[in-house]
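Asks: Just passing along the structure, written as structure tokens.
The values are calculated or read from the model by the stated rules, or taken from the named source; none is laboratory data. Since the structure is predicted, the reported quantities are computational estimates derived from the model, not experimental observations. Counting neighbours? That spans all protein chains shown, and the Cβs are built from the backbone with ideal geometry, glycine included. Accessible surface is based on the protein model in full, side chains and every heavy atom, while ligands, DNA and RNA are left aside. Shrake-Rupley method; radii C 1.70, N 1.55, O 1.52, S 1.80 Å.
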Amino acid sequence: MFSHSRASASELINRAKEAVTLITQPRTLASPPLFTSRPANERLASQSHRSFATMNRNDDPIEALFQQKRSLRSRMRKELRNMDPVRRSEEDAAIQSIVVNNPWFKSSKSVCAYISSPALREVDTTRIVSEILSKPANESDVPNRKKLYVPRVEDRNSNMRMLRISSVDDLIVNSMNILEPALSDSDGKQHEDVMEARDPVDLFILPGLAFDRCGRRLGRSGGYYDLFLKKYQELTKERKWKEPLGVALSYSIQIVEEGAIAVTSNDVSVDALVSPAGVIPISPAAWERSMG
């Protein structure tokens, strides 16, 4: 709750609100808007997602922003650790059912999706992956099977690739105990890199720690997805492809109030969220495809 006892405090809080609004302009895969920054003398500090700390014009606004991110990450990790296993299982099933029955999933021909990690407490994608990799009922329909690209971490400098797999047998356990694609299949054939594919990706299914209804996404601080998504945006522009739809999967407890997620110009927002309650379209592209 904000204090209005002194004019100076009220003035500073209003400036803080303005800073949050400008810093957190959404940027999506399908419709990335411009990023606006504030002059250095207009600072933002935040103690938590609910209240602003006492403002100090000499504070470092970048450090305050990253502190806000660290605080929310810590809070969300705790809430995910404490999530009831039965509820988690029910929400996993509900979210995946919504995805596989949605028009934008059914019509997609090429999908980038994450392989869920129980250790990271991510929304399960087992059914989604299985749906994409399943053989068509009619063998003559094999060419129309969806293509699936999944992430492979290359180094600690936020570099990640998306490689095509045709079976879960193409996955190996990495040093962080997370499943990712091997560089080649059992026959020694290199897995196709999505950046070298001849056809565009229609859909990105994304993980995260927290989201809001404006499309802002809080990752795990590695920057892997943001960097990769920016590179893919550049590729779509070069090849004059239609931008893919970025859809994040979220447990109900991961959706936070507007303003809780601080973002920078490096952050890429999502076009839509899928929670157990249903699809939340955010960008115009998501609204259009949800009606399809």
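Asks: Under the Kirkwood approximation for Rh and a Cα-based Rg, what ratio Rg/Rh is obtained for segment 62-291?
Replies: Over the Cα atoms of segment 62-291, Rg/Rh equals 0.94.
Asks: What length, rounded to one decimal in nm, is gained on full extension from residue 83 through to residue 174, with 0.36 nm per residue of separation minus their alpha-carbon distance?
Replies: 30.1 nm
Asks: For residue 265 and residue 126, what is the calculated FRET efficiency with R₀ set at 41 Å and r taken between the beta-carbons, to the nearest 0.05?
Replies: 0.75
Asks: Starting at the first residue of segment 183-200, write each ³J(HN,Hα) from the Karplus equation 6.51 cos²θ - 1.76 cosθ + 1.60 with θ = phi - 60°, in whole Hz, x for Gly and Pro.
Replies: Whole-Hz 3J(HN,Hα) from phi for segment 183-200: 5, 9, 7, 5, 8, x, 7, 5, 6, 5, 8, 4, 6, 10, 5, 7, 10, x.
Asks: Additional query: If I model a spin label as a point 7 Å beyond the Cα along the Cα-Cβ vector, how far apart are those points for residue 220 and residue 119 in nm?
Replies: Using points 7 Å along Cα→Cβ, the separation is 0.8 nm.
Asks: How large is the accessible surface per residue of segment 62-291, computed with a 1.4 Å probe and reported in Å² as a whole number?
Replies: Here the residues of segment 62-291 average 49 Å² of exposed surface.
Asks: I want to check the label-to-label distance for residue 100 and residue 258. Put each point 7 Å from Cα in the C-beta direction and report it in nm to one decimal.
Replies: 3.5
Asks: Between residue 231 and residue 187, what is 0.36 nm times their sequence separation minus the Cα-Cα distance? Round to one decimal in nm.
Replies: 12.9 nm
Asks: When the accessible area of segment 62-291 is computed with all protein chains present and a 1.4 Å probe, what percentage of it is carbon and sulfur?
Replies: Answer for segment 62-291 is 49 percent, counting heavy atoms of protein chains only.
Asks: Under 21 Å Cα to Cα from residue 231, which lysines show up? Leave out anything in the same chain fewer than 8 places away.
Replies: 109, 147, 240, 242
Asks: Tally Lys/Arg at +1 and Asp/Glu at -1 over every other residue whose Cβ is under 10 Å from the Cβ of residue 245; what's the total?
Replies: Counting the neighbours of residue 245, the net charge comes to -2.
Asks: When only Cα pairs under 8 Å and 6 or more residues apart are kept, what is the percent relative contact order across segment 155-267?
Replies: 29
Asks: Continuing with the same structure: Can you classify segment 226-267 as rounded, prolate or oblate using the Cα gyration tensor, where a ≥ b ≥ c are the square roots of its eigenvalues, rounded means a/c under 1.5, and otherwise it's prolate if a/b beats b/c and oblate if not?
Replies: Verdict is prolate for segment 226-267.
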